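Please treat every number below as a calculation from the coordinates, not as lab data. Because the structure is a prediction, the values reported are computed rather than measured. Backbone-built Cβ (ideal geometry, glycine too); neighbour counts: all protein chains shown.
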């Protein structure tokens, strides 16, 4: 956890400990990045509003090298931070102040999803897009897609029902492990990131379409 | 030029001096020319001929002689009798007549005084002819009235007209442009500033001028600078308040949950949690209200209002956990688009709708209707709650205004700012918001926005 509020992060450490979650805390972007490089973490909680290297900068640098699940803490009502955070590859966000039980729920949802499920051994193929559930890898033709866990899960949901609309509530439950909230644009932002990555990997035939107010569908190429 | 005052002063003065100077020089040259005409005229010959004619035929003879001898070299000859008139009553030009009168008065003075008549300047003596019957006629040689001749020349007239139009036009244009262009620049900047573009500066267009307008421009820039800094400070302050008030609140909520885990479930913990949430939403509302106060509409875009209304209904329905409570009736087939700030419009409609939900019984229906009337787009949100006392209606949109009923019914979840935010957002769009009691019970809030076409 990287957060400059020492008292808050101390209390959250205590709280998460009762849920058997082991937390390492750093209070600045620099220290956080250093700790992140020297150790393996399952998940990163990142405060966006920090002096020095901002949370967004930390997010970008971490994402350059790692697909670790990231939950960012934003100021409530600050849409810019939230949208930028998701665009820079955060998996989910939680506006401060939050109920720590909500934080635990999100951490668990993301960790559960991040674990490769042994029983699932399917390989999805639609046109140029190929996704292997077991190895957690996706590619367009032979170009590997570097997806975050959330983007991977969303692509999998869409590949499960090609050509059919998958609603946003379902995508939120599956990919973020939580209910869709009012004014929640997380799924939309993840989809837009996913589109960008597919396109940059050379995908021209399959398209992700938006069905207004309902959800998204992946349309197979001709 | 250094100052506008000097510019106007010098320009007007220069034009006037130029005109007077031109007239004076023209007049002087003209007078010189006339003088020369007279000097060139051989008075002696004419006088002898005229004298002979008078000798022969008296006054009539003199008239005849004058008529038969056309004046050459641009002069005209008057013969003035002792009544002061010309022999055949030719009109004597005023200047000539005056000269003549003075001449006579002077002669008169000499006659009465003891001065020696020989002292009278010879050049001033006008030739006098004496008729056989003893009448005396004074001969006056005057130039033909040349101005008429001068002005009757077509070419000169046209040339002069063109010259006058050109010079006066150029001077007027330069002066007007020097004055109006910077004023126009300044005006555009003022309008932009009023619309909320605090980045606008006029230094590049008029800031380098060294006159009063340049000074005004620099003053404008420093004013805009100060406004911008104040707005930024306000924004910064808002951000800080958000952070500083919410940080302890965040710690408090974690502390409550920790306490819950250590001490077990107590109803007071739920209460603490609710109050913390209420405080949080109040901070949020205050922030969005101040944001509307300082953030004008300069980032306006096309907003599909039908879309906004649908989205808000969806979200509020989600919050109150029922899809059937809010009914949407659009009276227009097409989506309606207005120019404005989407987030402000969302929060206007959202706050009114939440208010309607809050004051309706749990299963009460809320109707949202949308209509186009002339140039207005009207969104009506009608609830089936108890309505509002008529005396409270005008104050309903004041920040933190509480009706008697809502003051008694403490803690209905409202922050007291929702409707104030709605009004502020609607007014920013030049719209109007009013509340009325419905005949059938309940309150209806009508939002009217200019539709822009």
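General observations
- For residues of B:162-170, the mean tally of beta carbons on other chains within 10 Å: 0
- Segment A:5-124: relative contact order as a whole-number percent, Cα under 8 Å and 6+ apart: 20
- Whole-Å distance, taken between Cα centres, linking segment A:35-57 and segment B:164-204: 54
- Protection proxy ranking, peptides B:234-240, B:45-51, A:156-162, average beta carbon neighbours within 10 Å, highest first: A:156-162, B:45-51, B:234-240
- Gyration tensor verdict on segment A:1-159 (Cα atoms; rounded if a/c is under 1.5, prolate if a/b is larger than b/c, oblate otherwise): prolate
- Prolate/oblate/rounded call for chain B, Cα gyration tensor, a/c under 1.5 rounded: prolate
- Simple spin-label estimate for residue A:139 and residue B:226 in nanometres, 7 Å along Cα-Cβ: 6.7
- Fully extending the segment from residue A:200 to residue A:122 would add 25.6 nm, taking 0.36 nm per residue of separation and subtracting the current Cα-Cα distance.
- Per-residue Cβ neighbour rank within 10 angstrom, fewest leading, B:36, A:168: B:36, A:168
- With the simple spin-label model, which puts each label point 7 Å out from Cα in the Cβ direction, the residue A:192 to residue A:164 separation comes to 2.9 nm.
- For the segment A:3-11, counting C-beta atoms of other chains within 10 Å of every residue's C-beta and taking the mean gives 4.
- Peptides B:225-232, B:333-340 ranked from most to least packed by the mean count of surrounding Cβ atoms within 10 Å: B:333-340, B:225-232.
- With a Förster radius of 41 Å applied to the beta-carbon distance between residue B:395 and residue A:41, the computed FRET efficiency rounds to 0.15.
- Residue A:146-residue B:436 FRET efficiency (beta carbon distance; Förster radius 56 Å; 0.05 resolution): 0.45
- With the simple model of a label 7 Å out from the Cα in the direction of the Cβ, residue A:53 to residue B:195 spans 4.3 nm.
- Virtual paramagnetic centre 7 Å along Cα→Cβ of residue B:290, amide N under 19 Å, in segment B:211-255: B:227-250
- Folded to 0 to 90 degrees: helix A:149-160 orientation relative to chain A principal axis, Cα: 20
- Ordering B:137, B:30 from the fewest to the most neighbouring beta carbons within 10 Å gives B:30, B:137.
- For peptide B:237-247, the mean count of partner chain Cβ atoms within 10 Å of a residue's Cβ comes to 3.
- Peptides A:172-179, A:23-30, A:207-214, ordered by how many other C-beta atoms sit within 10 Å of their residues on average, highest first, read A:172-179, A:23-30, A:207-214.
- For the protein assembly as shown: rounded, prolate or oblate by the Cα gyration tensor [a/c cutoff 1.5]: prolate
- For segment A:160-181 versus segment B:52-66, the spacing of their alpha-carbon centroids is 130 Å.
- Once the Cβ-Cβ distance of residue A:31 and residue B:177 is raised to the sixth power relative to R0 = 60 Å, the FRET efficiency obtained is 0.40.
- Over the Cα atoms of segment B:289-380, the radius of gyration divided by the Kirkwood radius equals 0.99; this is the Rg/Rh ratio.
- Degrees separating the helix B:212-263 axis from the principal Cα axis of chain B, which is the longest one: 0
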